[in-house]
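Chemist: Below is the structure I would like to discuss, written out as structure tokens.
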Amino acid sequence: MAGKRSIDPGEAVGVLAAQSIGEPGTQMTMRTFHYAGVAEQVPTGLPRLIEIVDMRRSPKKPTMDIYLTKQYSKDEESARRMAEEIEEINLSKIAEIRENFAKKEIEIIPSQQSMKEQGVTIGEITKKIKKVASGSIREEGNLIILKPKTTLLRSVRRATNKLKSLHVKGINGISRVVVLKGDGEYFLRTGGSNFEEVLKWDGVDSGRTYTNNIKEIEKVLGIEAARNAIIREANQVLAMQKLDVDVRHIMLLADAMTMDGSLKPVGRHGLSGEKVSILARAAFEETIKHLITAAVKADEDKLLGVTENVIVGQEVPVGTGTVKLMMKLGKK
Amino acid sequence: MEKTKHKTAVYLNGRLLGFHENGGKLVDSLREKRRTGIINKQVNFAHFPREKSLYINTDSGRARRPYIIVENGKSKLTSEIVEKLGKKEVTWEYFVSNGIIEYLDAEEEENAYVATREEELTEEHTHLEIDPVSIVGVTVAQLPFPEYNSSPRITMACAMSKQSLGLYASNFNLRMDSRAHIMYYPQAPLVQSRPYRTLKFSKRPAGQNFVVAVATYYGYNMGDGVVMNRNSVDRALARSAFYKTYETEERRYPGGQKDKFEIPQPTVAGYREEAMYSKLGEDGIIFPEAEVKARDVLVGKTSPPRFLEEVSGFGIAEEKKRENSAVVKEGEEGFVDSILLTESPSGNKLVKVKVRSVKVPEPGDKFASRHGQKGVIGLLANQEDMPFSEQGVVPDLIINPHAIPSRMTAGHILEMLGGKAACMNGKTMDATAFNGDKEESFSKILENYGFKKNGEERLYDGISGEAINAEIFIGVVYYQKLHHLVSNKMHVRSRGPVQLLTHQPTEGRAREGGLRFGEMERDCLIGHGASMLLKERMLEESDKTTELVCAKCGSVAVTDYIRNKSYCPLCSESNELYAIEISYAFKLLLDEIKAIGVFPRIILKDKA
């Protein structure tokens, strides 16, 4: 059965995949962007598809779906508590930071209310500040005063900026957490992603927790997981627009992006830029760069690909071009 | 600072003048003064209470337009004044200087609350439109019944009305436009708007009233095709003349050389056949009303050679001249209409030759009504084969019913009805936006003349003579012939010129070029695995060349044509050359790589 569905040798699967994903992509641009939903500010449609294929460092809007172990997922209250714990709190969120340029000091005034909400004490905050800031620190009642060592105004400003983003509590990079209900349990959806730390967190069901940051998946779970993530993400984008693209095209794309064990974008810095053929690379982008390096290394183009053969004017090695006729000459 | 916080800032032409206690009161009094003539009429005031600023604008370049002033919900334009106007006792000037009408600019408009009709007036209104049409621009105002159409179609109708052929200038005979179209018998539309009359557009009409039936005709009007009556076309329906002006100049070159208008001698470089020059007069210029075809010479001209030649054996012999005549372009023909001999701005002798050709409608020509309903002729049907009505009326045009519902051009339908009514009672119908004649009045007229009030008629199939089952909607619509004529666009090539540099086919109709087989088309052939077909397209039908390659060093061989011998430029005489078929573009690439100091080798292998 499976044999009947296999592809013929010489079929140009790459072109087929590219066209099969690309053509619906042209229709996508026109009807995308504003989709109503809960925390759905994550890019969908063509922008997201480009993001996946280009494999940038991190997506524009990274997001996670954090599933919880049974003891937390049952009721909203405990899920909410988890959410509060996980959400990253930095100093500027719970305290007012004032620069006193006259005294060259920085005054940190934590709000009593938000400290209570987050369950942190002044002592803890001071400890955290000590770790990052150099200079003398003293507590004056509800006030923490930091006097940086240097007296330069600029370094005072630098120290305040550092303090503003000082991590107080929660998981780094998780800026917003919403509790959602689905399938009879509560789970968390976040803005920002930190896959590694979240998986380590107590009460998180690490088996089901998911991030849309494919690079992170590759780092934490390995290349196969990344391949699956590419397929899943791309498929989801296309399915959302009700575009019917065969998964195998997307699988081929994911395979190509992950085939050598690392994540590679499609394009100049990845797949196309690493083609064996000099002519094919030169025809794509940065022509001169490729020609010069080829000249310096005395490279040889074996003319095994499609583009090269179009350039020199030979049959391309796909389809009917894969077939060669051989003849045994009779003995003379 | 604190003092001015609650005061209104007053700006004159964008520059701060000062502050005022009560901005609202100030504008009111300023406007009052303008209406009574104390302040110049051209000054505009805009007050923004939220921003606490008041702008006075007196500078030039503001677009302004008139409104009727409204006070306490009452229009200042009373019936008595209108009566006076009817008797021509008052003029426009009277309205403006007596506070009945004032001009607002874009900024003051922000403060106005304008009613479109007098009936709509409330206490809050400040102004009244002189006529509701004025809310649309000049182009839309020319269209009939725009308020019945969907806005995208109005946009398209406006765009297309600018492409229509008609009588663009009454002195077209004297003009030497580089290209011009003149319609043979343009008509004033039967259904027209008031702005159309105001502009006296019917003095320069651009269309004709067609009898239009909404029906199908053997698939020849599918997908915005239209079927046209051949006999109507023979009666000069939508016929037009196309004028094209060719220009050439006796130029002077550095070194005292110059061009010459003459019949070139056969010795001239690039001499054409003698027949090509046969229509020229002694002065090398063609005669009016001469019939010309593509590549015929209009003005014979010889130019000095492009490069200075060596002095030949007989001293300074006669210079080799170059043929540089003005020639009728590929795919064009006609009659020489007129010839103009003048002087160019640089003082050279200049000839302009205007060539005229008749353009009879043919399949592929584009037509459009004034409702964004465009179509291309799919068939010129013989009159006897077309449907006819009880009175024997045969339509000029059959449009497809599918063109109507999705586009929502009800105005087109209404124009058909109005046009039909206009035909019957001999008066043009008014189709001014928002205030045009109504469907009921058309229906009434039609009923008076014995037609059905909805415009439908029983039609009979011209081929079988049988009555068509459904009643067919038939009416009269003003149709425009657009300047997209097939005869000016048609282009085919099976073989033809190639570019000098790449040996690939030229591009574009003017150069008799090929159609580009682009990257995406290439991908398609690859996707189908059609390797051989791809090679044929990219090589065989394009820039295939045979080159000799040295098997030893991989360089392309050079050929010495004097000794008729090819050899490798590196390995010289040790001949091991093989012929390969490559694209010329690739050979060019190799040459260019060599030019930057890199040596590309071609490594030869036996074809497996």
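The values are calculated or read from the model by the stated rules, or taken from the named source; none is laboratory data. Keep in mind that what you see is a predicted model, and the values were worked out from it rather than measured. Please note: Cβ atoms are built from the backbone with ideal geometry, for glycine as well, and neighbour counts cover all protein chains shown. Ligands, DNA and RNA are excluded from the accessible area calculation, which covers all protein heavy atoms including side chains. Shrake-Rupley method; radii C 1.70, N 1.55, O 1.52, S 1.80 Å.
Chemist: Would you compute, from DSSP H runs of 4+ residues alone, the mean residue ellipticity of the protein assembly as shown at 222 nm, taking -39500 (n - 2.57) per run and dividing by the full residue count, rounded to the nearest 500?
Modeler: The helix contribution divided over the protein assembly as shown gives -7500 deg cm²/dmol.
Chemist: Still on this structure: Calculate, for the protein assembly as shown, the solvent-accessible area per residue in square angstrom, rolling a 1.4 angstrom probe over the heavy atoms of the protein chains.
Modeler: Numbers: 53540 Å² over 940 residues.
Counting only protein heavy atoms, the per-residue value for the protein assembly as shown is 57 Å².
Chemist: What whole number of Å gives the distance from the Cα centroid of region A:74-144 to the Cα centroid of region B:446-498?
Modeler: Here the two parts' Cα centres lie 80 Å apart.
Chemist: Between B:Thr58 and B:Arg194, what is the FRET efficiency for a Förster distance of 51 Å, r being their Cβ-Cβ separation, to the nearest 0.05? Could you put the intermediate results ahead of the total?
Modeler: On the way: r = 33 Å, r/R0 = 0.65.
Efficiency, rounded to the nearest 0.05: 0.95.
Chemist: Mark the label point 7 Å from the Cα of B:Val393 along Cα→Cβ and return the residues of region B:431-467 whose backbone N is within less than 18 Å of it.
Modeler: Hits in region B:431-467 for B:Val393 at 18 Å: B:439-462.
Chemist: Classify region B:2-133 as rounded, prolate or oblate from the Cα gyration tensor: take a ≥ b ≥ c as the square roots of its eigenvalues, call it rounded if a/c is under 1.5, otherwise prolate when a/b beats b/c and oblate if not.
Modeler: prolate
Chemist: Quote the charge dipole size of chain A about the Cα centre in Debye, to the nearest 20; the model charges only the Cβ of Lys and Arg (+1) and of Asp and Glu (-1). Display every interim value, and only then the final one.
Modeler: Working: 52 positive and 44 negative charges, 212 e Å.
Charge dipole of chain A: 1020 debye, to the nearest 20.
Chemist: Here's something else I'd like to know. Among B:Asn229, A:Asn213, A:Trp201, whose Cα sits farthest toward the positive end of the charge dipole of the protein assembly as shown (+1 at Cβ of Lys/Arg, -1 at Cβ of Asp/Glu, about the Cα centre)?
Modeler: A:Trp201
Chemist: Going toward the positive end of the dipole of chain B, with +1 on Lys and Arg Cβ and -1 on Asp and Glu Cβ, which of B:Leu199, B:Leu104, B:Leu577 do you reach last?
Modeler: B:Leu104
Chemist: Specify which residue in the list A:Ala283, A:Ala294, A:Val310 is farthest towards the positive end of the charge dipole of region A:275-316, using unit charges on the beta carbon of Lys, Arg (+1) and Asp, Glu (-1), about the Cα centre.
Modeler: A:Ala294
Chemist: In region B:207-277, which GluC sites (Glu not before Pro) fall in coil by DSSP and have 11 or fewer other Cβ atoms within 10 Å?
Modeler: Details: sites: B:Glu247, B:Glu249, B:Glu250, B:Glu262, B:Glu273, B:Glu274; in loops: B:Glu250, B:Glu262, B:Glu273.
Sites meeting the loop and neighbour criteria: B:Glu273.
Chemist: On to the next question. Using r as the Cβ-Cβ distance of A:Glu77 and B:Glu109, and R0 as 56 Å, what FRET efficiency do you calculate, to the nearest 0.05?
Modeler: Computed FRET efficiency for A:Glu77 and B:Glu109 comes out at 0.45.
Chemist: Points 7 angstrom from Cα along the Cβ direction at B:Glu333 and A:Val323: gap in nanometres?
Modeler: Distance between label points: 4.7 nm.
Chemist: So how far, in whole Å, is the C-alpha centre of region B:360-398 from the one of region B:7-53?
Modeler: So the two Cα centres are separated by 60 Å.
Chemist: Please check which bits of region A:195-211 a label hung off A:Thr69 would reach, taking the label as a point 7 Å along Cα-to-C-beta and the cut-off as backbone N under 11 Å.
Modeler: Backbone N within reach: A:201-206.
Chemist: On a 0 to 90 degree scale, rounded to 10, what angle separates helix B:439-448 from the longest Cα axis of chain B?
Modeler: Roughly 90 degrees, rounded to the nearest 10.
Chemist: I'd like the residues of region B:514-544 whose 1.4 Å-probe accessible area shrinks by no less than 10 Å² going from the isolated chain to the full set of protein chains.
Modeler: Residues losing area: B:Arg522, B:Asp523, B:Cys524, B:Ile526, B:Gly527, B:Gly529, B:Ser531, B:Met532, B:Leu534, B:Lys535, B:Met538, B:Leu539.
Chemist: If I compute solvent accessible area with a 1.4 Å probe over the protein chains, what percent of it on region B:25-163 is carbon and sulfur?
Modeler: 52
Chemist: Over the C-alpha atoms of the protein assembly as shown, what are the Rg and the largest Cα-to-Cα span, Dmax, in Å?
Modeler: When restricted to Cα atoms, the protein assembly as shown yields Rg and Dmax of 40.6, 120 Å.
Chemist: Still on this structure, I have one more. To make sure I understand the rule: partners must be lysines, Cα under 25 Å from the Cα of B:Lys87, and not fewer than 8 residues away in the same chain. Which ones qualify?
Modeler: B:Lys74, B:Lys76, B:Lys200
Chemist: If you put +1 on each Lys and Arg Cβ and -1 on each Asp and Glu Cβ, how big is the dipole of region A:275-316 around its Cα centre, in Debye rounded to 20?
Modeler: Roughly 120 debye for region A:275-316.
Chemist: Which is the longest run of chain B containing none of the chymotrypsin sites (Phe, Trp or Tyr not before Pro) found in DSSP loop states (not H, G, I, E, B) with at most 13 other C-beta atoms within 10 Å?
Modeler: Working: sites that count: B:Tyr113, B:Tyr218, B:Phe307, B:Phe314, B:Tyr449, B:Tyr561.
The longest such stretch corresponds to B:315-448.
Chemist: Could you work out which residue, out of A:Met115, A:Met28, A:Met64, moves most in a Gaussian network model of chain A, that is, has the largest mean-square fluctuation with Cα springs under 10 Å?
Modeler: A:Met115
Chemist: Contact order normalised by length for chain A, with contacts defined as Cα pairs under 8 Å and 6 or more residues apart; what percent is it?
Modeler: 21
Chemist: Still on this model: Mind putting a number on the dipole of chain B about its Cα centre? Charges go on the C-beta only, +1 for Lys and Arg and -1 for Asp and Glu, and I need it in Debye to the nearest 20. Before the final figure, lay out the partial values.
Modeler: On the way: 83 positive and 84 negative charges, 250 e Å.
Charge dipole, chain B, about its Cα centre: 1200 debye, nearest 20.
Chemist: Seen from all sides and averaged, what is the projected area of the convex hull of the Cα atoms in region A:275-316, in nm²?
Modeler: 2.6
Chemist: May I pose another question? Given the pairs B:Lys374/B:Lys453; B:Lys366/B:Lys489; A:Lys275/A:Lys324; A:Lys324/B:Lys605, which span a C-alpha to C-alpha distance of over 22 angstrom in this model?
Modeler: Exceeds cut-off: B:Lys374/B:Lys453; A:Lys275/A:Lys324.
Chemist: Multiply the residue gap between B:Leu167 and B:Tyr460 by 0.36 nm, knock off their C-alpha separation, and tell me the result in nm, one decimal place.
Modeler: Stretched fully, the B:Leu167-B:Tyr460 segment lengthens by 101.8 nm.
Chemist: Write out the GluC sites (Glu not before Pro) in region B:367-442 meeting two conditions: DSSP loop, and at most 14 other Cβ atoms within 10 Å of their Cβ.
Modeler: Passing sites in region B:367-442 are B:Glu390.
Chemist: Grab the Cα-Cα distance for A:Ala225 and A:Lys127, subtract it from 0.36 nm times how many residues apart they are, and report the gain in nm with one decimal.
Modeler: Residue separation times 0.36 nm, minus the Cα-Cα distance, leaves 31.4 nm.
Chemist: Between region B:270-297 and region A:197-245, what's the alpha-carbon centroid distance in Å?
Modeler: 76
Chemist: Turning to a different aspect of this structure: Ratio of alpha-carbon Rg to the 2.2 N^0.38 Å globular estimate for region A:89-169, to two decimals, please.
Modeler: Compared with the compact-globule rule of thumb, region A:89-169 sits at 1.00.
Chemist: Which of the trypsin sites (Lys or Arg not before Pro) found in region B:354-441 are in a DSSP loop and have at most 14 neighbouring Cβ atoms, other than their own, within 10 Å?
Modeler: Listed in order of number, the matching sites are B:Lys427, B:Lys438.
Chemist: Tell me the label-point distance for the pair B:Glu274, B:Glu541, using the 7 Å Cα-to-Cβ offset, in nm and rounded to one decimal.
Modeler: Going from the B:Glu274 label point to the B:Glu541 one covers 4.1 nm.
Chemist: First check a/c for region A:159-289, with a ≥ b ≥ c the square roots of the eigenvalues of its C-alpha gyration tensor; if it is under 1.5, answer rounded, and if not, answer prolate when a/b is larger than b/c or oblate otherwise.
Modeler: It is oblate, given that a/c is not under 1.5 and a/b is not larger than b/c.
Chemist: Net charge around A:Ile137, counting only other residues with Cβ within less than 9 Å of its Cβ (Lys, Arg = +1; Asp, Glu = -1)?
Modeler: +2
Chemist: So which cysteines in chain B don't have a second cysteine's C-beta under 4.7 Å from them?
Modeler: Lone cysteines by the Cβ rule: B:Cys158, B:Cys423, B:Cys524, B:Cys553.
Chemist: Same structure again: Nearest 100 Å², what total accessible surface is buried between chain A and chain B (probe 1.4 Å)?
Modeler: Working: alone 20590 and 34830 Å², together 53540 Å².
Between A and B, the summed buried area is about 1900 Å².
Chemist: Let me ask something else. Mind pulling the per residue volume of the convex hull built on the Cα atoms of region B:223-346? Å³ is fine.
Modeler: 190
Chemist: Let me ask something additional. Which residues in region B:259-299 have a backbone N closer than 14 Å to a point placed 7 Å from the Cα of B:Arg356 along the Cα-to-Cβ line?
Modeler: Correct set: B:288-292.
Chemist: Could you tell me the calculated FRET efficiency between A:Phe101 and A:Asn172, based on Cβ-Cβ distance and R0 = 30 angstrom, to the nearest 0.05?
Modeler: It comes to 0.45.
Chemist: Okay, moving on. In region B:2-133, what percentage of the DSSP-assigned beta bridges are antiparallel, given to the nearest 5?
Modeler: So the antiparallel bridges amount to about 75 percent of the total.
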